[in-house]
Amino acid sequence: MNALPLLRPLLLFLLGLALVTFSDASAMPARRARHLPTHLAPTATFLVNSTLDEVDKKPGDGICQSKPSKKCTLRAAIMEANALAGKDTIVLPAGVYPLTHTGSGEDQSATGDLDIRSKIILKGQGAATTIIDGESLDRVLHIVKGAVKISKLTLTNGSTAGDGGGGILIAYGAKLTLTQVVVRVNRANHGGGIMNLGKLVMNQSTLSENQSEGFAGGLDNLGTATLKNSTISNNTTYASGGGIFNDYAQTLTLVNSTVSGNTATIGYGGGIRTDTNSQTYLFNVTIANNRGNIAGGGVSANGTTFLYNTILDRNKVNTDQFPYFEFSDCEGSIQSFNYNLVSKDCGFVHLPFDLVDTSAELGALADNGGPTQTHALQPNSPAIDHIAPSSCVDERNIVLTTDQRGFTRPVDGDGNSSVRCDIGAFEYHP
């Protein structure tokens, strides 16, 4: 018996069912292909184990090994981290790390300064014990690109002739965060300590004893800079901006910070110079004992400087009877947002709670606790308990709960049972 006639209806049914299924599927919207990453960018941690200044043997192999000593040097670790994807960490033990690999002008860390080109976290063991020494051969660090975080170390003896950033140069588009870092005794044409063309954040850090032949003894800001709980002290420039020069059309913010003892030898702004179209914001800042030549011993503002709860005390300018100085706390476009203290009236429009022609009764710049030096308020200072707590705020309008040292703010400093905030970076604790 031929079975084909019997199977034909079944075969036709199955064929029809297949056609219907195909038609329905073709009518459905196409699904987007789901692309899963084949791998995540690895991260590495490199523990430096030598103070030698040697290059990495084979950057990108994941092994920090210098040549010829086969150690993990700081330069080798940076070269390896630059060559790898992801965010890498370099741990730097206590010690002095001199940069002796001569030759400036290249950006791969092969010679001269240490060029960082990736997301790198560089951790020292404390600014007093972990020191990177430029040996006056080149600047110390060049942040070429990436978001870099550096903590607990000192950068010193960097030098670059005819260029900017003796200690650190931050390139356009790069970001650097410094925490408990000291940048001291560096030299450059502009920005003896730091030249910032990108984004700089400093916290609990010190910029001191740096020199420039042109502008900005400490910091030359050509980008965005935010300094918190930090001290800018004893920097010198030949022209303007002994401590900081906030360059054309840029933004600078200081919170809970001290600007002290800086000098502009022939120009404006011993402490801070704000250039044309720039804006400088000062929140609970102490600016004292700075010296300019023409005007603005403390602050000189060709752009606009905004004062919030800030002390300007005993800042001076040269006179014809050099080295005699006369008082000049500030000059230029200064705008008060109340609760400021100036020891010499410098002409801005005063608000009701500003204290003018008043001494802040400051102690010398000293270690008063915390990671940075400060000017302590003396017990009789009029700056004590002067600010309503709701007005003691940072740049985001968030109430400050500590002073520059990390001590509680506000406290009842004058003992009248009213807890109020002190003017400046230091909160007096009786």
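Just so you know, all these numbers are worked out from the coordinates, no wet-lab data involved. Here the structure is a predicted model, which means the values were calculated and not measured. As a convention, Cβ positions derive from the backbone with ideal geometry for all residues, glycine included, and neighbour counts pool all protein chains shown.
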Along the dipole axis of the range 353-430 (charges at Cβ: +1 for Lys and Arg, -1 for Asp and Glu; origin at the Cα centre), the most positive-end residue among Pro382, Val399, Ala425 is Val399
Violations at 21 Å Cα threshold for listed pairs Lys67/Lys119; Lys87/Lys228; Lys57/Lys152; Lys67/Lys123; Lys123/Lys175 -> Lys67/Lys119; Lys87/Lys228; Lys57/Lys152; Lys67/Lys123
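Residues with beta-carbon under 12 Å from that of Lys71, excluding Lys71: net charge, scoring Lys, Arg +1 and Asp, Glu -1?
Around Lys71, the charge tally is +1.
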Among Arg405, Arg291, Arg139, the residue with the largest mean-square fluctuation in a Gaussian network model of the chain built from Cα contacts under 10 Å is Arg405
FRET efficiency (Leu351, Asn380; Cβ distance; R0 22 Å; to 0.05) is 0.40
Placing each pseudo-label 7 Å from Cα in the direction of the beta carbon, Asp412 and Thr51 end up separated by a distance in nanometres of 5.2 nm
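If the only charges are +1 at each Lys and Arg Cβ and -1 at each Asp and Glu Cβ, what is the size of the charge dipole of the chain around the Cα centre, to the nearest 20 debye?
2200 debye
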Magnitude of the Cβ-charge dipole (Lys and Arg +1, Asp and Glu -1) of the range 158-363 about the Cα centre, nearest 20 debye, reported as 560 debye
Note on the chain, DSSP bridge orientation, antiparallel percent to nearest 5 equals 10 percent
Checked against the structure, the computed volume of the Cα convex hull per residue in Å³ among (1) 232; (2) 204; (3) 168 is the one labelled (1)
Residue span Thr304 to Ala366: 0.36 nm per residue of separation minus Cα-Cα distance leaves a gain in nm of 19.3 nm
Ordered by fewest other Cβ atoms within 10 Å, a rough proxy for footprinting exposure, Arg184, Arg273 read Arg184, Arg273
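Between Thr401 and Thr102, what FRET efficiency follows from the Cβ-Cβ distance if R0 is 51 Å, with the result rounded to 0.05? Mind showing how you got there, number by number?
Details: r = 48 Å, r/R0 = 0.94.
It comes out at approximately 0.60.
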The farthest towards the positive end of the charge dipole of the range 158-363, of the residues Gly267, Met202, Thr236, given +1 on Cβ of Lys and Arg and -1 on Cβ of Asp and Glu, is Met202
Assertion target for Leu141, Leu47, ordered by fewest C-beta neighbours within 10 angstrom first, is Leu47, Leu141
Per its Cα gyration tensor (rounded if a/c is under 1.5, else prolate when a/b beats b/c, else oblate), the range 194-279 is best filed as oblate
Among Thr253, Thr265, Thr102, the residue with the largest mean-square fluctuation in a Gaussian network model of the chain built from Cα contacts under 10 Å is Thr102
Checking the range 239-268 for chymotrypsin sites (Phe, Trp or Tyr not before Pro) in a loop per DSSP with at most 15 other beta-carbon atoms within 10 Å yields Tyr248
